[in-house]
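No value in this document is a laboratory result; all are computed from the given coordinates. Bear in mind the structure is a predicted one, so any value in this text is a computation, not a measurement. For neighbour counting, all protein chains shown are included, and Cβ atoms are generated from backbone atoms with ideal geometry for every residue, glycine included.
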Amino acid sequence: MIDPQLAPTTDDIAALVTLAARGDVSAFERLYTRCAGRVYAVCVRMTGDPQRAREYTHDAFVRAWERLSTFRGEASFETWMHRLTVNVVLTASRGERRRAARFVPTEEEPAAETNLALSAPPDDVETRLDLERAIAALPPRAREVFVLHDVEGYRHEEIADRLELEASSVRAHLHRARRLIMRMLTR
Amino acid sequence: MMHTSLHLALFLAAATSIAVPLGAQQKVDVRRAVTRDVYVRLNGAFSSLRVTGWQKDSLVMTGSLPRDSRFEPAMGGPSGGSPVTGMKFYIEASTSGAAAGSLELFVPVGATVWAKSGSATIDVTGITGGLDLNIVGGAITVNGNPRELNIESMDGGVTVTGAPTWMRAKTATGDVTIRGSCTDLGITTVSGTVSVRDGSFERSRIESVTGNVTFGAGVARAGSLLIDSHSGIIELQIGKASLDIDATTITGSITNSVSTRRPTPGREGRGEELTLSLGTGDARATLRSFKGNIRLIR
Amino acid sequence: MTNHLTWEGLNDYIDDVLAPAERVAAEAHVRECEMCTAALTELRATVAEARALPGTVMPPDELWNDVRTTIESRKVAHLPAGMASSRPHARGWWMTTGRLAAAAVVLVAATASLTAIAMNARVSPAPVVVQGTPSMTVSASWQASERVFQQSVLELREQLEMLHDHLSPGTLVKVERALATIDLAIAEGREALLRDPANAALSELLASNYRQKIELLRRMTQLASS
């Protein structure tokens, strides 16, 4: 369990980054203590998968260790870690999509709505999902967009740039995600 | 927060149906209009999969999975309501250790189905397209005449009844049983037993290390049969075949019950060799064994 | 009353991405329409709930140990500014894919070479005497092919060991048993071929065993990395 009493103050961050950049693992551990909860939250919500989230959190901190010398201090260390983490998750997601041999999913347009007659809405839900579980149950691309926009506060254009999508597609994914979440949370 | 607005339901009515947890299990119900040659890929944790080819241009997948098992369907193809050309299903294992679920899949007969799991039973019926089935343990059973059939298993058994045009089956310890016909057959096993019966096979190659091989089917006119074994017994049931047979063992023995011809000692006096021509010798059978015995019987 | 807002319209409204004229029209409609007002309220509540999610989720306690192990290993090192690597090396599954592909190419070549040697055994070049055993000879090309094969098997073995925690213990035991069976066959076949290097059937049987080993390793590394 991360001991909150170990979490460094803002004044310490710059000093810790300097020390860690020189190879001080203990200093880096204190930076980890400060950011791990935030990083893991981003990973677990964007992937919907605790196991992958753990792996990506690990990867994000290892990359941060590698790139500490590139941290200039223009933004806060937490912001820098956050951007780096989102990059790790999205890069891995792109890789997974490419590795789906002989199958390239189209953008997740709500084309399935035309098949409504074949897929009746569930009317036998007994358990109400909380929001975190509903997010985890979203289709991957819709989940990424929803988390980046509604949870993390990214703008449509920023998300479009990161995910290499058109802004209109980002909106479509976001609207679909919200509809699915509200449906899951509705009795 | 309670969400009970009836008005809201109007806006949510068009949402895609996705798997929703229900008690300890989640129900799977996916239905889509698809092309006749749709490509379906199914990967992940399922304990049984039944695939049936049907005459409809639609895909239906039903079944149940553990409640905490992540189920991700995805589609490919033109948008705007056109039939889907490809579907992918990924099923992640339950984190609570619950047993994997069971699935049933209906696809157009001309579909290509790719399925991969750990320990699972896969039953396929009525597919004339392509099949690529991969398990570690369990069993694979295929009935029908797929154009292409590729099976990989570690210790799961493989049973094929029908007439695939092209077939490859690879196991480590799983037994392989083929009843029917095939134009191009390849079977590889380390220690599983191989049994090929009935029908007619044009080009066949069977490789075993220690598993016994029994070939009791016909070899098509101008066809070829090649069986290699290290220590497994090779048994060729001739029937009324018209064959040129070339049998060689390095240290084993050859038993010929179909004619009076006797094997001769092998190179350097070890092992045995036998060359035999039955009927008009329309096809060729080459049997090679390191130390397993070779038997020719009617 | 103007037309109800579509689902897209509702979302664009709360996200403040409607064109000014559209926004004015939407606001005018919402003022008069209970249904759209209710839908808007529900949608805003959902988005607000998402925004209010906790900013942190605690990772597993032992994760720091994994991170520390990785950064203290020689595989990861500080880079000067401007030389950032593309990805950390610790979780190497992505990295094994390229190496596997390279190994597979070598394996295919090695297998083809072995098969070609076996197929041409009757016209193989003059045998090379193996030092110390004057009565045992083997063709130089067969030796060369064997070296390629063995190197490829070694590489695949290394990959499989890196990925061994991706396979269940039961599967690993089965794989090792199968490999042991094949290795025994290869050993017996090689010994026999050394004594009778011109034996075509023996060459082909040995090539078959080599193919089986390559194929089994390939399948297992693919299974482990999938």
Q) Any idea how far apart B:S47 and B:R221 come out in nm if each label point goes 7 Å out from Cα toward Cβ? A) 5.2
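So for chain B, Kirkwood radius off the Cα pairs, Stokes-Einstein at 20 °C and 1.002 mPa s: how many µm² s⁻¹?
Working: Rh = 21.4 Å.
Estimated diffusion coefficient is 100 µm²/s.
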Q: In nm, give the distance between the simple-model label positions of A:D24 and C:L184, each being 7 Å from the Cα along the Cα-to-Cβ direction.
A: 6.0
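Arrange the peptides B:251-264, C:150-163, B:36-49 so that the one whose residues have, on average, the most other Cβ atoms within 10 Å appears first.
Details: B:251-264: 14.8, C:150-163: 17.3, B:36-49: 20.6.
Output ranking for B:251-264, C:150-163, B:36-49: B:36-49, C:150-163, B:251-264.
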Q: With a point put 7 Å past each Cα toward its Cβ, work out how far C:E72 is from C:M58 in nm, to one decimal.
A: 2.3
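Taking beta carbons within 10 Å but only from partner chains, what does the mean come to for residues A:133-139? Write down the numbers at each step before the final one.
Working: counts 2, 2, 2, 2, 8, 2, 5.
So the per-residue partner count for this stretch is 3.
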(Q) Taking beta carbons within 10 Å but only from partner chains, what does the mean come to for residues C:174-187? (A) 4
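Cβ neighbours within 10 Å, averaged per peptide: list B:205-213, A:72-80, C:197-205 in order, most packed at the top. Could you put the intermediate results ahead of the total?
On the way: B:205-213: 24.8, A:72-80: 12.8, C:197-205: 21.8.
Final packing ranking: B:205-213, C:197-205, A:72-80.
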Q: As a check on your grasp of the helix formula, calculate [θ] at 222 nm for chain B: sum -39500 (n - 2.57) over DSSP H runs of n ≥ 4, divide by the residue count, round to the nearest 500.
A: -500 deg cm²/dmol
Q: Mind scanning B:K116/C:K213; B:K240/C:K213; B:K27/B:K56; B:K240/C:K174; B:K170/B:K291; B:K27/C:K174 and naming the pairs with a C-alpha gap bigger than 32 Å?
A: B:K240/C:K213; B:K240/C:K174; B:K27/C:K174
Q.
Under the rule of at least 5 residues apart or a separate chain, name every residue whose amide H is placed under 5 Å from the amide H of B:V194.
A. B:V176, B:N212, B:V213, B:T214
Q | the range B:96-234: relative contact order in percent, alpha carbon pairs under 8 Å with at least 6 residues between | A | 13
Q: Report, by chain and number, residues whose modeled amide H sits under 5 Å from the one on B:G292, excluding near sequence neighbours (fewer than 5 apart, same chain).
A: B:S231, B:G232
Q: Using a cut-off of 15 Å between beta-carbons, work out the net charge of the residues near C:P20 (Lys and Arg +1, Asp and Glu -1, C:P20 not included).
A: -4
**Q.** Anchor B:K88: aspartates and glutamates whose Cα lies under 15 Å away (excluding residues fewer than 8 positions away in-chain)
**A.** A:E96, A:E107, A:E108, B:D29, B:D37, B:E72, B:E104, B:D132
Q: Amide H neighbours of B:R284 under 5 Å, at least 5 residues apart or on other chains, H built in the peptide plane: list them.
A: B:G223, B:S224, B:L225, B:D244
(Q) Could you tell me how far the Cα centroid of the range B:250-298 sits from the Cα centroid of the range B:98-168, in Å? (A) 36
Q | Formal net charge of residues neighbouring B:S195 (Cβ-Cβ distance under 12 Å; K, R +1; D, E -1) | A | -1
Q. Hey, fewest Cβ within 10 Å first, where do C:D61, B:D228 land in order?
A. C:D61, B:D228
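Around B:S204, under 13 Å between beta carbons, what's the net of Lys plus Arg minus Asp minus Glu among the other residues?
Working: positive: B:R168, B:R197, B:R203, B:R205, B:R284; negative: B:D184, B:E202, B:E207, B:D228.
Combined, the nearby Lys, Arg, Asp and Glu give +1.
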Q: Take A:V17, C:V67, B:V113 and order them by how many other Cβ atoms sit within 10 Å, fewest up front.
A: A:V17, B:V113, C:V67
Q) Can you sort B:I297, B:I91, B:I122 so the residue with the fewest Cβ neighbours within 10 Å comes first? A) B:I297, B:I91, B:I122
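List the relative contact order of the range A:4-99 as a percent without decimals, with contacts defined as Cα pairs under 8 Å and 6+ residues apart.
Working: 76 pairs, mean separation 26.0, N = 96.
RCO, the range A:4-99: 27 percent.
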Q) Applying 1/(1 + (r/R0)^6) with R0 = 56 Å to the Cβ-Cβ distance of C:A198 and B:A33, what FRET efficiency is obtained, to the nearest 0.05? A) 0.35
